[in-house]
Amino acid sequence: MVKFLIIRFSSIGDIILTTPVVRMLKTQVPDSQIHFLTKNKFAFLLQNNPYVDHVHALADDLSDTVELLKKEHFDHIIDLHHNLRTLIIKRKMSLPSFSFDKLNWEKWLMVNFKVNKLPNRHIVERYLDTVSVFDIKNDNKGLDFFIPEQDRYPMSRMWTQKGFAVMVVGATYYTKQIPIQKAVDIINGSKLPFVLLGGPEDVEKSKKISDLLTVPYLDFSGKINLNQSASVIEQSCAVVTSDTGLMHIASALNKPILSLWGNTIPEFGMRPYRPHSSSRIFEVKDLKCRPCSKIGFQKCPKSHFNCMNQIEHSEIVKTLVQIHVTEHCAIRNNLI
């Protein structure tokens, strides 16, 4: 048996983006066993994954984590997080390890000087480079997200609207979020029924959006969990989102994604991976202040937020309506 420990502490999107590595190690390395170390609050993302044999939660004391991991007698460590904590873990465990190249220098150049030395490769492909020594071949099956049966949300039993779309309201950082008026213009312009999705922190923003809507809608922000949100996405005809974890979940579920990009850029390698063929990226190209961060800020450093505000909503509406009238959308929603 070959026993792997994969490490990725956060975030929701980043962990979902590791799932092709998990699947390919499990299915392509004979007699392999896959363990995954992450933060406790993200462990649920992997507990329903059939390619993961065991999920370990990071303890408050790193030494406690290491001592527990040593008892597992791993053969290899696959470090897809690559920071100081993972360096300590690798040194204390003294095992063959393979570490992901985060391209911090290239990202720094892009953020600070707008000099693009970034490779034209998705982060999933770079994750796979980390395990290339095991002769892994890309199976081209995309991302994985497995919804537990108890979290499947019965939309057809609670809402008569067919062919609804999803608007992802929030994001970890303000400068990644779709502005309120932009969301309203997209939803009302489409004339389609919409479901608003977000966490407890998005309830106030979601209420401000819903107060301005002229179409049928359901506001689920702060009312359902992440797996239930994924179930709603699975039943939708399209997802309008910014650079968020739910964007990657939509990609895993093969839904058409209309993604709006604010302070971050697709060139960082975090765009939807192997998305549905109807998916589109919307961004303000050649904005001098963009990207202003590889992650995000809680307010626009320039105070104008032009990276989001200048995205033209009419093209998004046009694309959304085209997706809605396709046979793909009509058939999927008539079968729900």
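How about region 107-145: which of its residues are touching a helix residue (DSSP H, G or I) at 6+ places or on another chain (Cβ under 7 Å) and polar (S, T, N, Q)?
Asn116, Asn138
For region 79-117, give me the residue count where each residue is in a loop (DSSP other than H, G, I, E, B) and either touching a Phe, Trp or Tyr at 6+ places or on another chain (Cβ under 7 Å) or crowded, with 16+ Cβ neighbours inside 10 Å (or both).
Applying the first criterion (in a loop (DSSP other than H, G, I, E, B)) to region 79-117 yields 80-83, 94-96, 100-103, 114-117.
Remaining after also requiring either touching a Phe, Trp or Tyr at 6+ places or on another chain (Cβ under 7 Å) or crowded, with 16+ Cβ neighbours inside 10 Å (or both): 80-82, 95, 100, 103.
Adding up the residues that qualify gives 6.
Considering Phe113, Phe74, which residue is in contact (Cβ under 8 Å) with a residue 12 or more places away in the chain and of a type in the set (Phe, Trp, Tyr)?
After ruling out the rest, the residue left standing is Phe74.
Can you find even one residue in region 42-62 that is loosely packed, with under 12 Cβ neighbours inside 10 Å and assigned to a helix (DSSP H, G or I)? Show your work before the answer.
Restricting attention to region 42-62, the residues satisfying the condition of being loosely packed, with under 12 Cβ neighbours inside 10 Å are 50, 60-61.
Okay, now just the ones that are also assigned to a helix (DSSP H, G or I), so none.
Within region 42-62, not a single residue is loosely packed, with under 12 Cβ neighbours inside 10 Å and assigned to a helix (DSSP H, G or I).
Among the residues of region 146-168, which ones are touching a helix residue (DSSP H, G or I) at 6+ places or on another chain (Cβ under 7 Å) and farther than 25 Å from Phe42 by Cβ?
Restricting attention to region 146-168, the residues satisfying the condition of being touching a helix residue (DSSP H, G or I) at 6+ places or on another chain (Cβ under 7 Å) are 147-148, 151-153, 155, 162-163, 165-168.
Correct list: Met155, Lys162, Gly163, Ala165.
If I ask for residues that are over 26 Å from the mean Cα position of the chain (by Cα) and free of Cβ contacts under 8 Å to residues at least 24 places away in the same chain, which ones from region 77-94 would you list?
Lys90, Arg91, Ser94 - these are the residues of region 77-94 that are over 26 Å from the mean Cα position of the chain (by Cα) and free of Cβ contacts under 8 Å to residues at least 24 places away in the same chain.
For region 245-284, name all the residues that are touching a helix residue (DSSP H, G or I) at 6+ places or on another chain (Cβ under 8 Å), assigned to a loop (DSSP other than H, G, I, E, B) and either within 23 Å of Trp108 (Cα to Cα) or aromatic (Phe, Trp, Tyr) (or both).
Within region 245-284, Gly262, Asn263, Thr264, Ile265, Gly269, Met270, Pro272, Tyr273, Val284 meet the criteria.
Residue by residue through region 49-71, note down the ones that are farther than 15 Å from Thr38 by Cα and touching a residue at least 40 places away in the same chain (Cβ under 8 Å).
Pro50, Tyr51 - these are the residues of region 49-71 that are farther than 15 Å from Thr38 by Cα and touching a residue at least 40 places away in the same chain (Cβ under 8 Å).
Which is under 14 Å from Leu25 (Cα atoms) and among the β-branched types (Val, Ile, Thr), of Val66, Val115, Val111, Val52?
On the way: Val66 fails: under 14 Å from Leu25 (Cα atoms); Val115 fails: under 14 Å from Leu25 (Cα atoms); Val111 fails: under 14 Å from Leu25 (Cα atoms).
Of the residues listed, the single one that is under 14 Å from Leu25 (Cα atoms) and among the β-branched types (Val, Ile, Thr) is Val52.
Hey, can you tell me all the residues within region 285-311 that are hydrophobic (A, V, I, L, M, F, W, C), closer than 14 Å to Ile178 by Cα and assigned to a loop (DSSP other than H, G, I, E, B)?
Within region 285-311, the subset hydrophobic (A, V, I, L, M, F, W, C) is 287, 289, 292, 295, 297, 300, 305, 307-308, 311.
Applying the additional criterion that residues be closer than 14 Å to Ile178 by Cα yields 297, 300, 305, 307-308, 311.
If the condition is that a residue be hydrophobic (A, V, I, L, M, F, W, C), closer than 14 Å to Ile178 by Cα and assigned to a loop (DSSP other than H, G, I, E, B), then Phe297, Cys300, Phe305, Ile311 are the ones that fit.
When Ser259 is evaluated against the numbered criteria (1) surrounded by 22 or more Cβ atoms within 10 Å (Cβ to Cβ); (2) more than 17 Å from Ile187 (Cα to Cα); (3) of a type in the set (Ser, Thr, Tyr), which criterion, by number, is the only one it fails?
With respect to (1) surrounded by 22 or more Cβ atoms within 10 Å (Cβ to Cβ); (2) more than 17 Å from Ile187 (Cα to Cα); (3) of a type in the set (Ser, Thr, Tyr), Ser259 is out only on (2).
No lab work stands behind these numbers, since they all come straight from the coordinates. Here the structure is a predicted model, which means the values were calculated and not measured. We place every Cβ from the backbone using ideal geometry, glycine too, and count neighbours over all the protein chains shown.
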